[in-house]
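The structure appears below as structure tokens.
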Amino acid sequence: MWKTADVAETAPLIANVSDTARWVAAYRAIESARRDALFSDPLADRLAGERGRSMAAAAPWIMLNGASLIARTVLMDRLIATALTQGCDRVLNLAAGLDTRPYRLNLPADLVWIEADLPDLIAEKDAALAAEKPRCALTRTAVDLSDAEARAAFLDEALDGAAKALVVTEGLVMYLDEAAVVGLSQAIARPEVGWWMLDIANEAIVKGMRKNGAKMLAAAPFQFGPVNPIGFLEELGWTPVDIEDTFRAAARMRRLPWFMRLVAMLPGAPEARNPGNKPWGGVVRLTR
């Protein structure tokens, strides 16, 4: 993932952006344990560990028990499946964290799936999953994606031979500043890349997370949240193919608390292309 400053051992549970991967894994484990689970991730609890479980337990109310993160996982799973039916021949998961899709999704055995993240996280994941067999041709690369030169070299190698790759940046751009997001967008704007899939939130959500999650996320604050996220991506030369509102998806999936499901049903929901000052966040798949 993008490098962030390490903090002392006495710091909060989340010491850097990479630690948020444990948090998300904990929510996947909680979902997987439900009788009506929307997906099964038997590796999530192992990867989350005690720290990840503690993060989920200590999360601010604005996280709504991870409802939007669960919806995000389901939506991205579905869009990956859609991309495969449309000729996707490679998946690049940048800042992959502790994602386990190569082990749990129904994937072609010959699909090339490449994960990239910082060396410490890659080493931890390699060790934790050494005995597990992925369902596709999985490789992991240790790289600092904030280093433009190292990122370009990684992309040259990772995209070699690809014709229609899907680049996934799940749970990443909200931790970057605008210049870093622009740089990432430019870096992956290559002819071998068929789609870019990411989750993105507007300014209202980022402000809410800064206010209500300030203590827990002090070492990994939300930064990027344009007023009009879809418009921002379009200005960078990307065209949305799929736009999914994670809050309303979480309501449909019955993962929001009951009172928030009522809120989701109210008229006047923010529009993805013009949310104004209303909170909006979603999963987007784009092409050039």
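Please treat every number below as a calculation from the coordinates, not as lab data. Model, not experiment: these values are computed from the prediction. Virtual Cβ from ideal backbone geometry, glycine too; neighbours counted across all protein chains shown.
Observations, loosely collected:
- Of all residues making up region 171-219, the number that are of a type in the set (Gly, Ala, Ser), closer than 24 Å to residue 89 by Cα, out of contact with any Asp or Glu (no Cβ under 8 Å at 6 or more places or on another chain) and in a loop (DSSP other than H, G, I, E, B): 1
- Of all residues in region 222-239, those satisfying the criterion of being farther than 19 Å from residue 183 by Cβ and either assigned to a loop (DSSP other than H, G, I, E, B) or among the basic types (Lys, Arg) (or both) are 227, 228.
- Some residue of region 163-173 being crowded, with 16+ Cβ neighbours inside 10 Å and free of Cβ contacts under 8 Å to residues at least 24 places away in the same chain: no
Residues are listed down the side, and each one gets a yes or a no for (1) under 16 Å from the mean Cα position of the chain (by Cα); (2) under 22 Å from residue 104 (Cα atoms); (3) hydrophobic (A, V, I, L, M, F, W, C):
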{"position": "137", "(1), (2), (3)": "no, yes, yes"}
{"position": "146", "(1), (2), (3)": "no, no, no"}
{"position": "152", "(1), (2), (3)": "no, no, yes"}
{"position": "157", "(1), (2), (3)": "no, no, no"}
{"position": "161", "(1), (2), (3)": "no, no, no"}
{"position": "170", "(1), (2), (3)": "yes, yes, no"}
{"position": "175", "(1), (2), (3)": "yes, no, no"}
{"position": "179", "(1), (2), (3)": "no, no, yes"}
{"position": "183", "(1), (2), (3)": "no, no, no"}
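- Taking region 99-123 as the range and being buried (at least 18 other Cβ atoms within 10 Å of the Cβ), over 20 Å from residue 85 (Cβ atoms) and of a type in the set (D, E, K, R) as the test, the residues that pass are 99, 115, 117.
- If you go through region 126-147 and pick out every residue that is more than 16 Å from residue 91 (Cβ to Cβ) and either exposed (fewer than 14 other Cβ atoms within 10 Å of the Cβ) or basic (Lys, Arg) (or both), you end up with 7.
- Elements of type helices (runs of 4 or more DSSP H) contained in region 87-159, each with 3 or more residues being in contact (Cβ under 8 Å) with a residue 12 or more places away in the chain and within 20 Å of residue 44 (Cβ to Cβ): 101-104, 119-128
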